[in-house]
Amino acid sequence: MLSYEQARNKVIEEVGKRRGPSATAVVSVWEALGLVLAQQVKTDREYPPFDRSTRDGYAVRSKETAPGAQLKCVGEIKAGDTVRESLHAGTCLQIMTGAAVPAGADAVVMIEQTSREGYLVRFERTAQPGQNIVPRGSEAFAAQTILTPGMRLGYAELALAAQVGAAQLECARRPRVAILSTGDEVVLIDETPGPFQIRNSNSVSLAAQVRIAGGEPVVLGNAADRIEDLGEKIERGLKENALVLSGGVSMGKYDLVESALKAMGAEFFFDAVAIRPGKPAVFGMCQGKPVFGLPGNPVSTMVTFELFVAPAIDLLSGAAARALPLVEARLAEALKEKSGLTHFLPARVEWRGTVAEVKALKWLGSGDIAALAKANCFLVIPADREKIEAGENISVLLRKDVV
Ligand code: AMP
Ligand code: MG
């Protein structure tokens, strides 16, 4: 049986080698947050376009600022002012943050390090050449590539595009991910379930997880535990870029998802992973599309999505697979688990200053959504550990949506 790292790498390898170029669309920078860029963005000119002062103070010739030296202030330069004249020997110019440093000046002395009487400015110490000036062209030269295809657009990337006037960006379209729940006991969330039925919460959590991962959920509803119904709905799902099923992958007599997928021509790369919850997770390719059969217990569905489906969505978006958000935290209370499988336990991490401390939450197993709703992470207990003492450092998988 594969470890979760091996299974995840398998997904990345198989989806990575088959993905074609993503469809693209031109999107305004105002709407492009979280999308993956599909073009190069180049600077329209040098950055900064002029020698820029980073302080409010005085533009000077540094060698004229020995301690106690005085220079006559002959004018001021505000941010945005056109600067044509150069600084004459024996003088200084008052200058503001973001303003252009005049020719002749080689330093800006911050106002806090000066005193002034009328036109005369007195300096406390010798300025270093270049201090408080960002030289023209030092951040980027003209026509320099500053954003490349495959980059995910966060707020800084969007600001960079805006800075160079790239108001419209060609981005990969969000991959469309079909979501199909299965089970004779499952009813719509706006229906009143019979005494032995349950509402379809998995389609809701999966749709949210698809969105967070950068995909566009296409919710197909629920398939009964019958090969024909599964087949029909799987066929519909295979029209999208990827298909995620929940339920029907365990050992029960009515767990028919794998057989239904096989009948449609699926090739499987794993159908079990050494984890709890989530052991029966299935991954394959069917008619050229990645398909995931996630176990139906809600917490299993959530964990296996994060481990195996999220990286596939990254790749289908034209980006690299992002690393799992794993961090180390100090275990607050000792833990005992059976060894053999990597465990993902609902837990809460709290930061005491910069030290992360984590505590497992009480839970009743992989159906316990309420426990997960109190959790902001999963404690990751390696397969070879049984007892972990309080105070030990342990890996924690963050819930990206709440931390
Ligand atoms: P299965 O993986 O089909 O054996 O289902 C395991 C457990 O998850 C059962 O208790 C199911 O009732 C429950 N379950 C299956 N599908 C869903 C769903 N869509 N929403 C909520 N719970 C589900
Ligand atoms: Mg089922």
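Overview of values
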{"quantity": "From the options Ser395, Ser317, residue that is of a type in the set (Gly, Ala, Ser), at negative phi, open to solvent by 30 Å² or more (accessible area, probe 1.4 Å) and in contact with a strand residue (DSSP E or B) (Cβ under 6 Å, 6 or more places away or on another chain)", "calculated": "Ser395"}
{"quantity": "Criterion violated by Leu238 - all others in (1) without any contact (Cβ under 8 Å) to a residue 24 or more places away in the chain; (2) under 20 Å from Val11 (Cα atoms) satisfied", "calculated": "(1)"}
{"quantity": "Of all residues making up region 246-262, the number that are open to solvent by 50 Å² or more (accessible area, probe 1.4 Å) and within 9 Å of ligand 2 (Cβ to nearest atom)", "calculated": "2"}
{"quantity": "Failed criterion for Ser22 (all others in (1) under 27 Å from Pro290 (Cα atoms); (2) of a type in the set (Ser, Thr, Tyr); (3) open to solvent by less than 10 Å² (accessible area, probe 1.4 Å) hold)", "calculated": "(3)"}
{"quantity": "Residue within region 217-232 that is touching a Pro at 6+ places or on another chain (Cβ under 7 Å) and either more than 15 Å from ligand 1 (Cβ to nearest atom) or not in a strand (DSSP E or B) (or both) present", "calculated": "no"}
{"quantity": "Which listed residue, of Ser181, Ser205, is open to solvent by less than 60 Å² (accessible area, probe 1.4 Å), assigned to a helix (DSSP H, G or I) and in contact with a Ser or Thr (Cβ under 8 Å, 6 or more places away or on another chain)", "calculated": "Ser205"}
{"quantity": "Residue identified as among the charged types (D, E, K, R) and closer than 17 Å to Gly34 by Cβ among Arg176, Arg199", "calculated": "Arg176"}
{"quantity": "Selection within region 352-371 - of a type in the set (Lys, Arg) and assigned to a loop (DSSP other than H, G, I, E, B)", "calculated": "Lys362"}
{"quantity": "Any chance Lys17 is under 30 Å from Met285 (Cα atoms) and of a type in the set (D, E, K, R)", "calculated": "yes"}
{"quantity": "Top-ranked residue in region 189-204 [being closer than 11 Å to Ser246 by Cα and in contact with a helix residue (DSSP H, G or I) (Cβ under 9 Å, 6 or more places away or on another chain); ranked as farthest from ligand 2 (Cβ to nearest atom)]", "calculated": "Ser201"}
{"quantity": "Unmet requirement for Ala156, which otherwise passes all of (1) surrounded by fewer than 20 Cβ atoms within 10 Å (Cβ to Cβ); (2) within 32 Å of the chain's Cα centre (by Cα); (3) free of Cβ contacts under 8 Å to residues at least 60 places away in the same chain; (4) closer than 19 Å to Val299 by Cα", "calculated": "(4)"}
{"quantity": "Search result, residues across region 37-89 that are open to solvent by less than 40 Å² (accessible area, probe 1.4 Å), touching a Leu at 6+ places or on another chain (Cβ under 7 Å) and not in a strand (DSSP E or B)", "calculated": "Leu87"}
{"quantity": "Selected residue [within 16 Å of ligand 1 (Cβ to nearest atom) and not small (Gly, Ala, Ser)] from Leu331, Leu315, Leu256", "calculated": "Leu256"}
{"quantity": "Test: residue in region 281-296 that is assigned to a helix (DSSP H, G or I) and either modelled with pLDDT of 95 or more or within 10 Å of ligand 1 (Cβ to nearest atom) (or both)", "calculated": "no"}
{"quantity": "Cross-chain or 6+ apart pairs with Cβ under 8 Å, region 82-103 first and at positive phi, then of a type outside the set (Gly, Ala, Ser)", "calculated": "Gly90/Glu64; Gly90/Leu71; Gly90/Lys72; Gly98/Arg52"}
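Results for (1) farther than 28 Å from Ala373 by Cα; (2) within 16 Å of ligand 2 (Cβ to nearest atom), shown as yes or no for each residue.
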| position | (1), (2) |
| --- | --- |
| Glu232 | yes, no |
| Asn241 | yes, no |
| Met264 | yes, no |
| Thr301 | no, yes |
| Asp314 | no, no |
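The values are calculated or read from the model by the stated rules, or taken from the named source; none is laboratory data. This structure is a prediction, so every number in the text was calculated from the model and none was measured. So basically every Cβ, Gly included, is an ideal-geometry build from the backbone, and we count neighbours across all protein chains shown. Side chains are part of the model used for accessible areas, which takes the heavy atoms of the whole protein and leaves out ligands, DNA and RNA. Shrake-Rupley method; radii C 1.70, N 1.55, O 1.52, S 1.80 Å.
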